[in-house]
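For reference, the structure discussed in these notes is given below.
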Amino acid sequence: MELEAGLERVALQPSREEEHSQTVDTASQSNTERDHFRHTPLPGDRYIRLLRIVEGDAECISITLHTFPLEQLPDYDALSYTWGKAISADGDDDNNGPDIYYEILINTEPFSITENLYDGLAELRKEVMGYLWVDALCIDQTNIDEQASQVPLMGDIYSSASCVIIWLGEAIYE
């Protein structure tokens, strides 16, 4: 369901239509041990990455990353999302831990993401055909120097987006 409120798209609240392709056991592995994909360093401080969701109905979500100078960005949407899943009014948050990850492919290499981000990308791949900016995927979260240069740009990144999509999680029916 789309909600209109001043932006082209503000929030998506889908129902669960398919199960996740693969849950990754995190008990004995860190993110970097699970993931084969490694970000290529950005060519400068005023560059960002944008992603494209690969079209198709395959169970596994696949994306490609592309680098652009901040001053020459193509049209893109930005995704703002919660890191954890939504919880019901009775506070049942049994499966809302930060240690639940799902595998996607970035440039054909495996990469682990949080469940809520996976759910959001699964829904967005039905609708978004252009470029998309998602902090957890477009910023190398293992590179402190890159994080330090990218976080100050986030205001520009969100304000330059054609649309900011807000993902609160899948609908909870009580």
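Loop-only check: which chymotrypsin sites (Phe, Trp or Tyr not before Pro) in the stretch 126-174 are DSSP coil with at most 16 other Cβ within 10 angstrom?
Y173
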The long-range amide H neighbours of Y131, using H built 1.01 Å from N in the peptide plane and a cut-off of under 5 Å, are D77
Going residue by residue through the stretch 122-128, the Karplus relation 6.51 cos²θ - 1.76 cosθ + 1.60 with θ = phi - 60° gives ³J(HN,Hα) values, rounded to whole Hz and with x marking Gly or Pro, of 4, 6, 5, 5, 7, 10, 8
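Only the coordinates and a few stated rules stand behind these numbers; no lab work does. Please read these numbers as outputs of a predicted model, since none were measured by experiment. Neighbour counts are summed over all protein chains in view; Cβ atoms, including those assigned to glycine, are modelled from backbone coordinates with ideal geometry.
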